[in-house]
Amino acid sequence: MSESLLRIRGLRKQYGERLVLRSIDLDVAEHQVVCLIGGSGSGKSTLLRCVDLLEVVDDGTVHLNETELTDPRLDPDVARRRIGIVFQAYNLFPHLSVLDNITLAPRQVHGVPRRKAEASARELLDRLGLADKAHEHPDRLSGGQQQRAAIARALATEPELLLFDEITSALDPELVGEVLDVVADLKRRGLTILMATHEMDFARRVADRVCFLEGGVIVEQGTAEQVLTAPREQATRRFLARALDRS
Amino acid sequence: MDIGKTAVPDRSATSPGTLVTGYRPSDHERERQRYRRSRKRRHTWLSTLCTLLGLVAVGAAAVASPGWERVDSLFFNGAELRSAFPDLLRGFWLNIQMFLVAEVLILVLGLLIALVRVTRAPGLQPLRLAATVYVDVFRGVPTLLLVFLVGFGLPALQLQGTPSEPWILGVIALTLSYTAYVAEVFRAGLNSVHPAQRNAARALGLNERQTVRHVVLPQAVRNVLPPLLNDFIALQKDTALVAVLGPLEALRAAQIKADYDFNYTPYLGAALLFIAVTIPLTRFADRLQRRATQRTWAGAGQ
């Protein structure tokens, strides 16, 4: 793993006196799926938000290929165009149809003509099993459908990197599967994904690497098999015992 | 984000010797901060420069205009302003009094009308109808027209106990006009409280009245504080409309002085007095608005 797509070095983030991320080093190579696991408050979400420049980091660097995203001279909008993010709460625009949600960024930010943007949006919707929902508004969709629409929206700009922030946590258990199937399909298509998740089984199945965070540091990372089945660290074992107990 | 709310224990997260206080930023971070500081300085400079240039341009355009000399002596006469000021201030005190009395009446009546309009009790149907008609009519009539109608019409009825003091008549007119607006603001607030809140209160055994009093109303008022303050500010200015009835409030005092001296500076003085009150009120409304927004976001969870 000589040159990674995403390189995080010494990342630090604090809110006032509270240290949320201490010194994070993390690499995501192209076509990899990396899962961040850990309890709530461990810093998973903050890490993703730092990568997408939704938070200003307090120290350290984030590189996407050759570009240093944490450089204050960089226009954050330019960086965000290369990254797609999906949130736990979907955050679809309620006043727009599914199709308009998806074509908004391609048309407004990337200047794709309407006809072309809609054609590729329909292709995406078709792939995600939402072909018949193009003209519905978000409030008419189930949680799983909304989240799939949100994924389609993130994919529409063909980002180099996808960030998923606990995208199944707000879903009813029976709807989790349909969203995770989409993620597994994205991996097969070779997309690069960094995701925070509570779905250990899914991480085991799909992740190339799993990182366990606690108290703002990566306590342990390795292959899914290694971290989830034979963790070296006591903290990881404790967390997994609790997490698996729940499910 | 859950991160924002859950405290991350610093000490358990950090090994001894690297507590938050003992942390030294890397050279990279220090360079970054230097850049941010210099950018901020540059922005401050630029905005100051733009503001000054704008002010100079406006000032220059006014002074360079052919009629400037006349305007200067007619509107910006220092001696005139000084001599008019005591009368203006005395007049303005009446504006403040009218504003305060009217505001209290408006808040109480507006809330009552809003409550009448949102309740569904069948016995209140006639009242509800009356409230609707009242709001429709009085929101439609210009405030100045109401001041005339009440100011000259009410005394003409020669009913027993009708006030004849022009400032009281003015307060009645303003109250009639503004209550209609404020009732609508309150009603919007009452409707903005999520039905689930009402259900939750009823599920606890609170009756309709207790539910409104303890759960719906506090949230409703909180939600509409900014537009409510907006109406306060408008009312504060509109007390000047009462000038047409003759009481010696600020505008009327300015009028008398201006007519006497053939100089418009007293009007400018009156304007300054109104601004002196409305600007702090506006800033206050802005602050409330910001706080309300933050609270709504906190409630939304994300």
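What follows is calculated from the coordinates using simple rules that are stated; it is not laboratory data. All values derive from a computational prediction rather than experimental measurement. Reconstructed Cβ throughout: ideal geometry from the backbone, glycine too, with neighbour counts over all protein chains shown.
Some notes on this structure:
- Shown here for the range A:42-86: trypsin sites (Lys or Arg not before Pro) in loop regions (DSSP other than H, G, I, E, B) with at most 12 other Cβ atoms within 10 Å, namely A:73.
- Where Rh is the Kirkwood radius over Cα pairs, Rg/Rh for chain A: 0.96
- Here, the range A:89-212 has an Rg and a Dmax of 14.3, 44 Å when only alpha carbons are counted.
- 5 angstrom amide H check on residue B:77, placed H, neighbours 5+ away: B:265
- For residue A:219, residues with placed amide H under 5 Å, excluding near neighbours: A:212, A:213, A:214
- Most fluctuating residue given options A:111, A:16, A:143, as computed from a GNM of chain A linking Cα atoms under 10 Å: A:16
- Per-residue ³J(HN,Hα) for the range B:197-214, Karplus 6.51 cos²θ - 1.76 cosθ + 1.60, θ = phi - 60°, Hz, x for Gly and Pro: 5, 5, 4, 4, 5, 5, 5, 7, x, 5, 7, 3, 5, 4, 4, 5, 5, 9
- Taken over the C-alpha atoms, the range A:11-56 has Rg and Dmax values of 11.3, 37 angstrom.
- Largest first, the extents of the alpha carbon coordinates of the range A:57-106 on the three principal axes equal 39, 22, 17 Å.
- Secondary-structure-derived ellipticity at 222 nm for chain B, considering helices only, amounts to -25500 deg cm²/dmol, per-run term -39500 (n - 2.57) for DSSP H runs with n ≥ 4.
- Whether the range B:24-132 is rounded, prolate or oblate, judged on the alpha carbon gyration tensor where a/c under 1.5 counts as rounded: oblate
- Packing-based exposure ordering (other Cβ within 10 Å, fewest first) of B:44, A:197: B:44, A:197
- Rg over Rh for the range A:143-247 works out to 0.97, using Cα positions for both radii and the Kirkwood form for Rh.
- Amide H within-cut-off set for residue A:162, under 5 Å, with H built and near neighbours excluded: A:84, A:192, A:193, A:194
- Antiparallel DSSP beta bridges within the range A:2-243, as percent of all bridges there, nearest 5: 55
- Spin-label pair residue A:170-residue B:34: with each label point 7 Å from Cα along the Cα-Cβ axis, the two points sit 4.3 nm from one another.
- Residue order, fewest to most surrounding Cβ atoms within 10 angstrom, among B:103, B:208: B:208, B:103
- Ratio of Rg to Rh over the protein assembly as shown (Cα coordinates, Kirkwood Rh, two decimals): 1.10
- Each DSSP beta bridge with both residues in the protein assembly as shown is either parallel or antiparallel, and the antiparallel ones are about 55%.
- Global size of the range B:83-289: 20.1, 70 Å for Rg and Dmax (C-alpha atoms, Rg to one decimal, Dmax whole).
- Per-residue 3J(HN,Hα) values for the range A:23-32, derived from phi via the Karplus relation 6.51 cos²θ - 1.76 cosθ + 1.60 with θ = phi - 60°, read 7, 9, 10, 8, 10, 10, 7, 4, 6, 8 Hz in sequence order (x marks Gly and Pro).
- Ranked list, fewest to most other Cβ atoms within 10 Å of each Cβ, for B:260, A:15, A:90, B:178: B:260, A:15, A:90, B:178
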